[in-house]
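A.B. asks: Structure incoming, see below.
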Amino acid sequence: MDIRRPHALPVAEVLRQFGSRCDGLRRDEAARCLAEVGPNRLPEPPRDPAFRRFLRQFHNLLIYILLAAALLTALLAHWVDTGVIVAIVLINAAIGFVQEGKAEQALASIRRMLELRAQVRRDGEWSELKAAELVPGDVVRLRSGDRVPADLRLFEAVQLEVEESALTGESEPARKDTEPTGADSGVGDRHGMVHAGTLVVSGRGVGVVTSTGVATELGRISRLAAEVRDLETPLTRQMNRFSRLLALAVVAASVLLFGLGALLHEYRLPELLFAAIGFAVAVIPEGLPAILTITLALGVQRMARHRAITRRLHAVETLGSVTVICADKTGTLTCNAMTARRLVTAAGRYEVSGSGFAPAGQVTSGGAPAPLDQHPDLQALIETLAVANDAEIRGADGEWLVTGQPTEGALRALAGKAGFDDAGYTRVAALPFESGTRCMATLNRRPGGGARILVKGAPDRLLAFCRRQYSAGGGSAALDRDFWELLLRELGGQGLRVLAAAARDVDPDQWWLAPQDLTHGLVFLGLVGIHDPPRPEAAAAIRACRTAGIRVKMITGDHLDTARAIAHELGIDDRQAVTGAELESAAESELRRIARDCDVFARTSPEHKLRLMQALQASGEIVAMTGDGINDAPALRRADVGIAMGVRGTEATREAADLVLADDNFATIARAVAEGRTICDNLRKAIVFILPTNGAEGLVMLAAVAFGLVLPLTPVQILWVNTVTAVTLDLALAFEPAEPDVMRRPPRPPAAPILDAVLLWRIALVSLLVGGATLGLFLLGRRLGLTLPEARTLAVNTLVAGELFYLFNIRALSESVLQPAVLLRNPLAWLAVSALVVLQLLFVYAPCMQRWFGTAPLAPATWLLPAGVGLVVLLVVEGEKALRRRRALR
């Protein structure tokens, strides 16, 4: 027999050849194996060499125009101009190269945060490990929604179906079992195997790892799963289109300028070429792509620090437009630290002390301890809750942790408090929890002999299955449905999540369990009320969203009264609460009204989530939707922003989502919305800041040619202004913190242009102010007797001063900056200003700079003129903002 074909071997032989057992490897064995075979991951895709990534920075139409300008200046023997243009292009390429590396590092860190995890059995105990730590021989447990972490030979499969299209191309899920198949069977026919990279659609299974890393089927065909692919968003794509259009406009305008100069003023050819080059260099915002990339990369990193991991970068912009957040209750709005509080049977009521997953506390009745041997009704109820259970709890470093679902962990802790021991129970078969059935069932051999089907799940589903209930004497009586319905409302009204339990004895020789076994003969045992308190920060986050014009809708599978109680605590409007059944029966028009007017939805399924979201989107809402189960994936894909739970969510939901919450906390969603709005603000600030520089320079060059003036600026001087402001002032905007009103204004319409009419007007206003002042001071300087180099130096200083003061205007798009809190909230802006002043002093007074850029030293008093222009720009723009604020208040 060949271990390279584990699908053809019996499970016992596979385990033997790997030196493993059904209860897994020992930790020391796994450590030795990991050292031998290496981590369970595929090799990184080959990266382009550094020189190719550097050359890629030149692949931009605007850069091609600058290089053409450098060639023309070389042909005209303007070697200094040629050298400076080439140097500026190289500097921009270097900035882009370095930033691309940083962006890739940021995305790599996000990939690490999204690293696959697996439930592994070692030393007989289940624990959760990084999938990279798996080794051949490990025993791994799979559940519905899991991404298979390695190639496994199954030895337990319960209604297990796996989607294998990544390997086989088959869209239909494959049904799995534990039987060996032929040695020559293909991947799609190996029913006893599951392979790395495939997805568990339903059911559950346990298997032994046979291959990891490059030895898996996935590794052999070298297919890598992609999480975050590139740093491109709709905004950056729009800017790329803008760059192409601008390049065409630059060429056309340069030709026009050339023609005007030749026809109106009979410039000589070298002068015309020099002017055309100067104009082209002036209007090209060569630093804009790098600044947009830096702003976006920094914003994504900040979101990751806030525990919101961006998988698809378009979500960063869409977050700023979200109008509705549909949030799961459990674990997102609540703590997900489940604790059983109440137990109710037909014979009595019981209280449970203790909190969290620690089995410390006791079960009491009327204030007195309730031992199981004196309360058979309690014994039967806790037996079902503890045995029909896949979770495990264990203490580590003084803290009790759960492996599995938190709700089941709470029931494990309850069993410990009651003194119930499930060691003698043998599971024969199981029906795992599915959203369609809303219950879990197991068939178990009992320690004292006999077999019993144990069922736990949604009370309404189990009440529908049962005709009888456990009676005080140990027998059964007719089900009193009204009694249980009244209790459900009572427990739900206390904010408790309620589960029910039922059971029936079966033939000890029965070895199968089918869904139809639940439809007859079950005896209803009782209810358990589980408390999951609201997160302390959730209510404040919901208020912040409401202030930001975002409605929060709570969606839960819990009972209606439970949903209302939690919603009331959180400050969500619970006056109109709707159940899944009402959503099911509603016509499309009625569904839209319900989706619009109601904020609490109970007893819902993933299908209801999808219908709700579609109804909201049909009403023009921009919807963010949370999810954690595999059946939530369609709703997350359809949502404008799909948000997966990083802790309790399945791999399927994480892959369908745009954002992953590393802490499953609603407050993180609110912070992500604020960060998304801040990123969009900073991107727009960068654009609105950079374009007036180019507009002013272009205006100066065009006016000079149109009126037959000597050029106030040379191409290299223009490039100096563009570059020195880009590496100082522009970069400071990428670090700008959120504006105070970021969560006090309505969402931005997603179809809104990058620049609205107000910002376009501001760009034109500042271009005219700075361009006009630059040309005016140049002419004034010439009239006052300044030499041409001195007058040009004055013009350059005027441009730089205008941009320097305008930086403070643009740091707040609508708020006044003439207040200390705004002026001081970004220390990097002051550092950038200081760096710019030092560089500009070198530009004016350093002999080498004078030779390269054609500058001349200026008298100290001359600096007051550019400073005055900058101050005028600051005050005019602040005045314009004040007028708009006043008009908005009317």
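A.B. asks: For region 332-490, what does the alpha-carbon gyration tensor say about shape, rounded, prolate or oblate, given a ≥ b ≥ c as the root eigenvalues, a/c under 1.5 as rounded, and a/b over b/c as prolate? Working shown, then result.
C.D. replies: Details: a/c = 1.29, a/b = 1.20, b/c = 1.07.
Judged from the Cα gyration tensor, region 332-490 comes out rounded (a/c under 1.5).
A.B. asks: Same structure again: If you find the alpha carbon centre of region 490-532 and of region 297-376, how far apart are they in angstrom?
C.D. replies: With region 490-532 and region 297-376 each reduced to a Cα centre, they are spaced 21 Å.
A.B. asks: For region 730-771, give the magnitude of the charge dipole about the Cα centre (Cβ charges: +1 Lys/Arg, -1 Asp/Glu; no others), in debye to the nearest 20. Don't skip to the end; give the middle numbers.
C.D. replies: Numbers: 4 positive and 5 negative charges, 34 e Å.
Computed charge dipole of region 730-771: roughly 160 debye.
A.B. asks: Here's something else I'd like to know. Charges only on Cβ, +1 for Lys and Arg, -1 for Asp and Glu: so what's the dipole of region 775-879 about the Cα centre, in debye to the nearest 20?
C.D. replies: Details: 6 positive and 4 negative charges, 53 e Å.
Computed charge dipole of region 775-879: roughly 260 debye.
A.B. asks: Ignoring ligands, DNA and RNA, what percent of the accessible area of the chain is carbon or sulfur (1.4 Å)?
C.D. replies: Working: 21390 of 36510 Å².
Carbon and sulfur together cover 59 percent of it.
A.B. asks: Right, another one. Putting +1 on Lys and Arg Cβ atoms and -1 on Asp and Glu Cβ atoms, find which of G649, I594, A667 reaches farthest to the positive end of the dipole of region 586-693.
C.D. replies: With unit charges placed on the Cβ atoms, the residue in question is I594.
A.B. asks: For K553, give me every one of the lysines with a C-alpha distance below 23 angstrom, ignoring sequence neighbours fewer than eight places off in its own chain.
C.D. replies: Cα-Cα hits under 23 Å: K329, K609.
A.B. asks: Cα gyration tensor of region 660-718, axes a ≥ b ≥ c as square roots of the eigenvalues: rounded (a/c below 1.5), prolate (a/b > b/c) or oblate?
C.D. replies: Working: a/c = 9.21, a/b = 5.07, b/c = 1.82.
Prolate is the answer for region 660-718, as a/c is 1.5 or above and a/b outweighs b/c.
A.B. asks: Applying the Karplus parametrisation 6.51 cos²θ - 1.76 cosθ + 1.60 with θ = phi - 60° to the phi angles of region 529-543, what ³J(HN,Hα) value in whole Hz is obtained for each residue in order, glycine and proline being reported as x?
C.D. replies: Those phi angles translate into x, 10, 9, 9, x, x, 5, x, 8, 5, 4, 5, 5, 5, 4 Hz.
A.B. asks: Would you mind giving the three semi-axes, in whole Å and largest first, of the ellipsoid equivalent to region 382-448 according to its Cα gyration tensor?
C.D. replies: For region 382-448, the ellipsoid semi-axes come out as 21, 17, 10 Å.
A.B. asks: Could you order peptides 713-719, 768-774 by the average number of other Cβ atoms within 10 Å of their residues, highest first? Mind showing how you got there, number by number?
C.D. replies: Working: 713-719: 26.6, 768-774: 22.3.
So the peptides 713-719, 768-774, ranked by packing, come out 713-719, 768-774.
A.B. asks: On to the next question. What's the longest piece of the chain with no exposed chymotrypsin sites (Phe, Trp or Tyr not before Pro), counting a site as exposed if DSSP puts it in a loop and it has at most 12 other beta carbons within 10 Å?
C.D. replies: Details: sites that count: W511, W512, F707.
My reading of the result: 1-510 is the longest stretch.
A.B. asks: Along the charge dipole of the chain, which of A30, A567, L711 sits closest to the positive end, that is, farthest toward it, with unit charges on the beta carbon of Lys, Arg, Asp and Glu (+1, +1, -1, -1)?
C.D. replies: Sorting the options by dipole projection puts first L711.
A.B. asks: Near G521, within a Cβ-to-Cβ distance under 9 Å, what is the net charge of the other residues, with Lys and Arg +1 and Asp and Glu -1?
C.D. replies: On the way: positive: R467, R468, R504; negative: D505, D517.
Local net charge: +1.
A.B. asks: So, with +1 on the Cβ of K and R and -1 on the Cβ of D and E, and no other charges, what is the size of the charge dipole of region 302-428 about its Cα centre, to the nearest 20 debye?
C.D. replies: On the way: 13 positive and 13 negative charges, 148 e Å.
Dipole size: approximately 700 debye.
A.B. asks: Give the Kirkwood hydrodynamic radius (Å, one decimal) of region 426-544, defined as one over the mean of 1/r across all pairs of different Cα atoms. Could you put the intermediate results ahead of the total?
C.D. replies: Details: mean 1/r = 0.0630 Å⁻¹.
Kirkwood radius, region 426-544: 15.9 Å.
A.B. asks: Per q in 0.24, 0.27 Å⁻¹, report the Debye log10 I(q)/I(0) for region 531-585, using one uniform scatterer on each alpha carbon and no solvent.
C.D. replies: Reported log10 I(q)/I(0), two decimals: -1.00, -1.15.
A.B. asks: Please find the FRET efficiency linking V837 to A68, where r is the Cβ-Cβ separation and R0 is fixed at 30 Å, and quote it to the nearest 0.05.
C.D. replies: Details: r = 33 Å, r/R0 = 1.11.
My answer for the efficiency is 0.35.
A.B. asks: Gap in Å between the Cα centre of region 546-622 and the Cα centre of region 784-851?
C.D. replies: Comparing the Cα centres of region 784-851 and region 546-622, I get a distance of 53 Å.
A.B. asks: At a Cα cut-off below 17 Å, give the aspartates and glutamates reachable from K881, other chains included and same-chain residues fewer than 8 away excluded.
C.D. replies: D681, E739, D741, D756, E815
A.B. asks: Would you be so kind as to identify which of Q57, T723, G356 lies farthest towards the positive end of the dipole of the chain, taking Lys and Arg as +1 and Asp and Glu as -1 on Cβ and the Cα centre as origin?
C.D. replies: Of the options given, the answer is T723.
A.B. asks: Shifting gears a bit: Can you tell me the accessible area per residue over the chain, all protein chains present, probe 1.4 angstrom, in square angstrom? Provide the component values of the computation, followed by the final result.
C.D. replies: Details: 36510 Å² over 890 residues.
That works out to 41 Å² per residue.
A.B. asks: Quick check: from the Cα gyration tensor, does region 523-637 come out rounded (a/c under 1.5), prolate or oblate?
C.D. replies: On the way: a/c = 1.59, a/b = 1.13, b/c = 1.42.
Note, shape of region 523-637 comes out oblate.
A.B. asks: Then there's this: Where Rh denotes the Kirkwood radius from the mean inverse Cα pair distance, what is Rg over Rh for region 558-704? Show your work: numbers first, answer last.
C.D. replies: Working: Rg = 21.0 Å, Rh = 17.8 Å.
Ratio of gyration radius to Kirkwood radius: 1.18.
A.B. asks: Need one number for the chain: average projected area of the convex hull over its C-alpha atoms, nm².
C.D. replies: On the way: hull surface 179.4 nm².
Quarter of the Cα hull surface area: 44.9 nm².
The values are calculated or read from the model by the stated rules, or taken from the named source; none is laboratory data. Small disclaimer: the values here were computed from a predicted structure and weren't measured. When we count neighbours, we look across all protein chains shown, and the Cβ atoms used for this are built from the backbone with ideal geometry, even at glycine. Areas reflect the complete protein model, heavy atoms only, side chains present, ligands, DNA and RNA absent. Shrake-Rupley method; radii C 1.70, N 1.55, O 1.52, S 1.80 Å.
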